[in-house]
Amino acid sequence: MFQPLTCKSVIARILCTTATAWLLCANPVYAHNVWLEPDAQGGYVMQFGGHEGKTETFDPAKLQRVHAYDLRGRELSCDVQSVRGGIRVKPDARAALIAVELDNGYFSSVKPEGDMLPLPMDKNPGAVRGVHARKFHKTVVRWGAVMQKPLGQIFEIVPQAGKAPHAGQPLKVQVLLNGKPLAGARLSWNEAGAPTLSDAQGMASVTPSAGTNILQAIWREAVQGDVKTTQNSYEFLLRFAVH
């Protein structure tokens, strides 16, 4: 029997087999994201990975928040369940938008380049660099006024249109960091798309195509005076369909 969890609780069940496996695995810091894939029962299965089309299991304790909102931005109930092979999300039937936040933790290395261990620098003797990796996501179920409202995520993409975009027509979006416009964030369609940068107001123009669109935003910033890391890494995926 699977145990349902509330959206605001931290999921503590571990999918990774052992701590040793985490230490030996390749560094999952960059080019990894979290997103939702719809299932046949009206819910969504949480996915993690995405680099070169590959997905991976992840520690559910890293999942911080899953929230659902109606067309006006009012928060709705949302069941989060740990199931075989991952996590399943079932929002209220009125949901227009689902938001996810995941803290992928600290990684560090004793070398200037190459793979990193899943440890903060102060737990990895001789480490010369570290990364704190955070992942964010929004799945658009139905377009409405809620799309234009910041949700308070540390790093987020906010579409500037309350109506569904059309294929081949520009869509303006704004990138926010800690609720403020962010200049210089890198945006692209998935990993392979040609990148564009947000302007001084955090704005960028992108052109969706017919079908499922996945807009990625990336921001890295140097950190001073933190014994655990030398860099914060933020990645965001906005997923929506265009008919």
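The values are calculated or read from the model by the stated rules, or taken from the named source; none is laboratory data. Quick caveat, the model's predicted, so the values are computed rather than measured. FYI the Cβ positions are ideal-geometry reconstructions off the backbone, even for glycines, and counts take in every protein chain you see.
Restricted to strands (runs of 3 or more DSSP E) entirely inside the range 103-203, those with at least 1 residues that are more than 18 Å from the chain's Cα centre (by Cα) and among the aliphatic types (A, V, I, L, M) are 171-177. List pairs: first residue in the range 166-179 and within 19 Å of residue 220 (Cβ to Cβ) and in contact (Cβ under 8 Å) with a residue 24 or more places away in the chain, second residue part of a strand (DSSP E or B) and among the hydroxyl-bearing types (Ser, Thr, Tyr) anywhere in the structure, Cβ distance under 8 angstrom, at least six positions apart or on different chains. Correct list of pairs: 177/234. Just one of the numbered conditions (1) without any contact (Cβ under 8 Å) to a residue 12 or more places away in the chain; (2) surrounded by 13 or more Cβ atoms within 10 Å (Cβ to Cβ) is not true of residue 225: (2).
Remark: pairs (first residue in the range 68-96, surrounded by fewer than 19 Cβ atoms within 10 Å (Cβ to Cβ); second residue of a type in the set (Ser, Thr, Tyr) and not in a strand (DSSP E or B); Cβ separation under 9 Å; 6+ apart in sequence or on different chains) = 77/6; 79/6; 85/57; 86/57; 92/77.
Out of 197, 215, one residue alone is more than 18 Å from residue 180 (Cβ to Cβ) and touching a Leu at 6+ places or on another chain (Cβ under 9 Å). It is 215. All conditions but one from (1) surrounded by 14 or more Cβ atoms within 10 Å (Cβ to Cβ); (2) touching an Asp or Glu at 6+ places or on another chain (Cβ under 9 Å) apply to residue 150; the one that does not is (1). Of note, residue 170 does not satisfy the criterion of being surrounded by 17 or more Cβ atoms within 10 Å (Cβ to Cβ) and farther than 18 Å from residue 235 by Cβ.
Every test in (1) under 18 Å from residue 139 (Cα atoms); (2) among the small types (Gly, Ala, Ser); (3) surrounded by 15 or more Cβ atoms within 10 Å (Cβ to Cβ); (4) at pLDDT below 90 is passed by residue 43 save one, and that test is (4). Taking every residue in the range 207-222 that is without any contact (Cβ under 8 Å) to a residue 12 or more places away in the chain and pairing it with any residue that is surrounded by 13 or more Cβ atoms within 10 Å (Cβ to Cβ) and hydroxyl-bearing (Ser, Thr, Tyr), at least 6 positions away or on another chain, the pairs with Cβ-Cβ distances below 7 Å are 222/230. Given the condition modelled with pLDDT under 90 and over 26 Å from residue 188 (Cα atoms), answer yes or no: does some residue in the range 46-59 qualify? Yes, because at least one residue in the range 46-59 is modelled with pLDDT under 90 and over 26 Å from residue 188 (Cα atoms).
Residue-by-condition table, conditions (1) over 30 Å from residue 76 (Cα atoms); (2) at pLDDT 95 or above; (3) touching a Lys or Arg at 6+ places or on another chain (Cβ under 8 Å):
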residue: 104; (1), (2), (3): no, no, yes
residue: 108; (1), (2), (3): yes, yes, yes
residue: 112; (1), (2), (3): yes, no, yes
residue: 115; (1), (2), (3): yes, no, no
residue: 120; (1), (2), (3): yes, yes, yes
residue: 128; (1), (2), (3): yes, yes, yes
residue: 138; (1), (2), (3): no, yes, yes
residue: 157; (1), (2), (3): no, yes, yes
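State whether one or more residues within the range 211-225 are acidic (Asp, Glu) and in a loop (DSSP other than H, G, I, E, B). No: zero hits.
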